[in-house]
1. Could you please give the count of residues in segment 289-308 that are open to solvent by less than 60 Å² (accessible area, probe 1.4 Å) and touching a residue at least 60 places away in the same chain (Cβ under 8 Å)?
2. Yes or no: Arg102 surrounded by 20 or more Cβ atoms within 10 Å (Cβ to Cβ) and of a type in the set (D, E, K, R)?
3. Quickly run through segment 245-267 and pick out the residues that are crowded, with 17+ Cβ neighbours inside 10 Å, part of a helix (DSSP H, G or I) and of a type in the set (A, V, I, L, M).
4. All but one of (1) within 19 Å of Leu212 (Cα to Cα); (2) open to solvent by 70 Å² or more (accessible area, probe 1.4 Å) hold for Leu270; which doesn't?
5. Just wondering, is there one or more residues in segment 177-186 that are touching a strand residue (DSSP E or B) at 6+ places or on another chain (Cβ under 9 Å), in contact (Cβ under 8 Å) with a residue 24 or more places away in the chain and at negative phi?
6. Can Gly38 be described as on the phi > 0 side of the Ramachandran plot, in a loop (DSSP other than H, G, I, E, B) and either without any contact (Cβ under 8 Å) to a residue 24 or more places away in the chain or among the polar types (S, T, N, Q) (or both)?
7. Among the residues of segment 79-135, write down those that are β-branched (Val, Ile, Thr), in contact (Cβ under 8 Å) with a residue 24 or more places away in the chain and assigned to a loop (DSSP other than H, G, I, E, B).
Amino acid sequence: MVAGAGRSPVVLNQIGALVGERIAAHPSRPTVLRHEDGRPPWDIPDGVEVLLTRPLIGWDAAPAARPAGWGRGLRWIQSASTGMDVYPPWLLDGAPLVTCARGVSAVPIAEYVLAAVLAFEKRLDAVRLRGPEDWRRETLGGLSGRRLGLAGFGAIGRTVAERARAFGLSVGAVRRSGWTGSGVETRPEVEPFDRLEDLIAVSDHLVLALPLTDATRGVVGADLLARAKPGLHLVNVARGALVDQEALLAAIEAGRIAGATLDVTEPEPLPAGHPFYRHPAIRLTPHLSWSAPDVEPRLAERILANLDAYARGAPLRDVVNVQAGY
């Protein structure tokens, strides 16, 4: 159960205008404060008990130590992101209840993944005609019978799997927490793997959909890439720091990895002149796989559902596991 039942909460909205308008109309009649431009996101006015926050508003500049008075009066923090690595550790350490936007962007991310896989197999850039001198017959690749590996089988991984199977791809997946225990959702059309090393060895496309934690940082390194099936296409829609970028470049140059589609890098953006920008086997996009016209309304609906529960003193959805970090 959570605190807040029967009261009109004071909410600090750092997410955006649409969410603010929807929250303000909630039957609990909350007082919604707008985040002031230039104010650090951790500088919370007195009396705020609900914080709606998101990445890319200054959390990367947060102090290493918890600011004096941080969290005083806060009862619930709702993040607009799924990953919690964008926030300082002290936000979770001894913090009030924290919830995330797990699955809100799963559909557009899955669509991005399938678009990346299709573009790689069909080589749309390579066969594009720029004049009659480019006219030639070539054999394009296909998806039917190819294997797509999922490193991570949460909301994003499951949504990718549904769409991949419709294209005739066979799908294998690794879950960080394993395939046994309560709450584990398995699907007969997805082959479970216990080790990422085994999955990468048989995958034509490997999709990274893992949270960034101390355990997963740099998980795609030289040793793992050396075990990859020759011709592997790597797709990263999670966090750039999952990948040792120098090792990835070396594996591509050596011909072990055929290509990579990277929506995320470390850092973001990469500095000018970085070899990823011009490498013909690497497709970079600016961390937008999550985006779609309905994402913000879907996020607002998710927050409203949690606000309903908060107002009743009922359990909230998508509570972050502080020990796991996601």
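1. 12
2. Against the criterion (surrounded by 20 or more Cβ atoms within 10 Å (Cβ to Cβ) and of a type in the set (D, E, K, R)), Arg102 qualifies.
3. Ala247, Leu248, Leu249, Ala251, Ile252
4. The number of the failed condition is (2).
5. No, the conditions are met nowhere in segment 177-186.
6. yes
7. Correct list: Thr82, Val86, Val104.
Residues checked against (1) within 18 Å of Val220 (Cβ to Cβ); (2) open to solvent by 30 Å² or more (accessible area, probe 1.4 Å):
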position: Pro108; (1), (2): no, no
position: Ala116; (1), (2): yes, no
position: Leu124; (1), (2): no, yes
position: Leu129; (1), (2): no, yes
position: Glu133; (1), (2): no, yes
position: Arg136; (1), (2): no, yes
position: Leu150; (1), (2): yes, no
position: Phe153; (1), (2): yes, no
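The values are calculated or read from the model by the stated rules, or taken from the named source; none is laboratory data. Being a predicted model, the structure only gives us computed values, none of them experimental. Positions of Cβ are backbone-derived with ideal geometry, glycine not excepted, and every protein chain shown enters the neighbour counts. Ligands, DNA and RNA are excluded from the accessible area calculation, which covers all protein heavy atoms including side chains. Shrake-Rupley method; radii C 1.70, N 1.55, O 1.52, S 1.80 Å.
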